[in-house]
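Here the structure is laid out as structure tokens; the discussion comes afterwards.
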Amino acid sequence: MKDEIKIKRIPEIDLFRGTAVIMMILFHTIFDLDFFSLYTIDISSGFWFFFGYITGFLFVFIAGISAWISWKRVEKKLSGINIYKKFVKRGLFIFVIGLGITAVTWIFAPGSPIIFGTLHLIGFSIMVAPLFFRFSTKIIYIGLAVIFAGILIQGLHGDPLLTITGIHAPGFSSLDYKPLIPWFGYFLAGIAISAFFYPEGKKMRITDTIIRPVPEFIQVIGRHSLVIYLVHQPVIIILLSIIYGKMLLSV
């Protein structure tokens, strides 16, 4: 019998996650066009900068929402240290995948490797999430404090060992950078919102009304977001290589 925790999905969460994935694919296509000098597009400011930022925010925020829902369901079957083990195992799995992306980008983009990107952040956040669940909706205050701290440290430079916090060495560059400050605050905000709307980890009564007019394929994308996250960039690069008739990556 399949794990009940895995099969009881909440449709609107898959919808929001699927939307974020579609936004990610679009943004990374634009990013690659500029990065490989195929077409000049300003992604460091203006519309595309904010589009990319919002996309990243959605991934982290939804991860926080999902973490709370998972916890409310898990606590009915597990207790004590076993709950922590489950979250550490899941978070570590995602974090290790992030380390794999670090290795790949260090080879193909040595000037801007991904040291602490989206998967690193989400993996770490899931591992420590059980320490914060007891605050329920009140965790929003901690989240806002972390987000506000991000404003305070913006532009500060320091030892490279502080990179994951949001303080980095001058000249630091990364293809994807999601430091704990302020991004962990978005994750905590997701937990707070989830605790408010899904206090018992169950879907809302209006879920079917919200989902019915939306194409099913977006939910399907949301259910397979991690796999799509891992393969979409190679696919985009291969397609652009074919379209423009040149090899875009070389070791």
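The values are calculated or read from the model by the stated rules, or taken from the named source; none is laboratory data. The structure displayed is predicted, hence computed values, not measured ones. So basically every Cβ, Gly included, is an ideal-geometry build from the backbone, and we count neighbours across all protein chains shown.
Restricting to the range 102-129, and then to whatever is free of Cβ contacts under 8 Å to residues at least 40 places away in the same chain and touching a Gly at 6+ places or on another chain (Cβ under 9 Å), can you tell me which residue is nearest to H168 (Cα to Cα)?
This residue is T102.
Which number in (1) surrounded by 17 or more Cβ atoms within 10 Å (Cβ to Cβ); (2) within 22 Å of G222 (Cβ to Cβ) marks the one condition that V146 misses?
(2)
Can you tell me which residue among K76, K72, K86 is charged (D, E, K, R), exposed (fewer than 15 other Cβ atoms within 10 Å of the Cβ) and more than 18 Å from the chain's Cα centre (by Cα)?
On inspection, the qualifying residue turns out to be K76.
Could you list, ordered by first residue, the pairs with Cβ atoms under 7 Å in which the first is in the range 26-47 and within 23 Å of V231 (Cα to Cα) and the second is exposed (fewer than 11 other Cβ atoms within 10 Å of the Cβ) and not aromatic (F, W, Y), at least 6 apart or interchain?
That search, which allows pairs on different chains as well, returns D34/T40.
Anything in the range 200-238 that is modelled with pLDDT of 90 or more and surrounded by fewer than 17 Cβ atoms within 10 Å (Cβ to Cβ)? List them, or say none.
Once the filter is applied, which keeps residues that are modelled with pLDDT of 90 or more and surrounded by fewer than 17 Cβ atoms within 10 Å (Cβ to Cβ), the range 200-238 yields V220, R223, H224, L226, V227, L230, V231, H232, P234, V235, I238.
Hey, among S136, S174, S194, S241, which residue is assigned to a loop (DSSP other than H, G, I, E, B), of a type in the set (S, T, Y), surrounded by 12 or more Cβ atoms within 10 Å (Cβ to Cβ) and modelled with pLDDT of 90 or more?
Result: S174 is the single residue among S136, S174, S194, S241 that is assigned to a loop (DSSP other than H, G, I, E, B), of a type in the set (S, T, Y), surrounded by 12 or more Cβ atoms within 10 Å (Cβ to Cβ) and modelled with pLDDT of 90 or more.
For the range 90-113, which residues satisfy the criterion of being aliphatic (A, V, I, L, M) and either farther than 16 Å from I164 by Cβ or surrounded by fewer than 19 Cβ atoms within 10 Å (Cβ to Cβ) (or both)?
Scanning the range 90-113 gives L92, V96, I97, L99, A103, V104, I107, A109.
So which residues in the range 50-84 are polar (S, T, N, Q), touching a helix residue (DSSP H, G or I) at 6+ places or on another chain (Cβ under 7 Å) and farther than 21 Å from K138 by Cα?
Correct list: T55 only.
Has the range 155-168 got any residue that is out of contact with any strand residue (DSSP E or B) (no Cβ under 6 Å at 6 or more places or on another chain), without any contact (Cβ under 8 Å) to a residue 40 or more places away in the chain, charged (D, E, K, R) and surrounded by fewer than 20 Cβ atoms within 10 Å (Cβ to Cβ)?
yes
Taking L92, is it in a helix (DSSP H, G or I) and of a type in the set (A, V, I, L, M)?
It is true that L92 is in a helix (DSSP H, G or I) and of a type in the set (A, V, I, L, M).
Can you name the condition, by its number, that D32 falls short on among (1) more than 26 Å from P199 (Cα to Cα); (2) outside any helix (DSSP H, G or I)?
Only one criterion is unmet by D32, namely (2).
Of the conditions (1) within 23 Å of the chain's Cα centre (by Cα); (2) modelled with pLDDT under 95, P182 fails just one. Which one is it?
So the condition that P182 fails would be (2).
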